[in-house]
């Protein structure tokens, strides 16, 4: 039983809603994946703030129609394409997909769109190399901790330095003959 026109319109509206909060989208060829493998991929991506959307290319085409940010997806609407819509952690989502790809060896990236531009393979590779949100938080925390430690050391040195100066003056006074 096929979908009715009303069902298709709802699906297109749902895709449009998903795209509104998406920062990056990339298409993968999911041919050969089992239902459990797709579920595994979706679970890995959900943790990173991304979703894997499998829909007919014609419905995705209708959803991106007239949307300048996503019209660059049009050349990717071919074969058995699933779309990974990244909302939050771009680096983490791409890494999660790459880990899945290494485990299954069944998928390949067809292409990606970010900020309304179709990314080249080299640009997508650069996105792969971005640190995940957790890694960025750890780097920031390390930098802040280093700054706080430095400030604490400097603040501790002020009274210590003052005490040394007072002691040096006292020692100097003690060495001078009393007149």
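Tabulated data
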{"quantity": "Qualifying residue in region 31-45 (condition: over 22 Å from the mean Cα position of the chain (by Cα), buried (at least 17 other Cβ atoms within 10 Å of the Cβ), assigned by TED's automatic domain parsing to the domain that holds residue 112 and over 22 Å from residue 120 (Cα atoms))", "calculated": "yes"}
{"quantity": "The listed residue being crowded, with 20+ Cβ neighbours inside 10 Å and within 16 Å of the chain's Cα centre (by Cα), out of 82, 96", "calculated": "96"}
{"quantity": "Residue 15 vs. criteria closer than 19 Å to residue 76 by Cα and in contact with a strand residue (DSSP E or B) (Cβ under 9 Å, 6 or more places away or on another chain)", "calculated": "yes"}
{"quantity": "Matching residues, region 143-165, being at pLDDT 70 or above and under 24 Å from residue 88 (Cβ atoms)", "calculated": "144"}
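The values are calculated or read from the model by the stated rules, or taken from the named source; none is laboratory data. Computed from a predicted structure; not experimentally measured. Cβ: placed from backbone, ideal geometry, glycine included. Neighbour counts: every protein chain shown.
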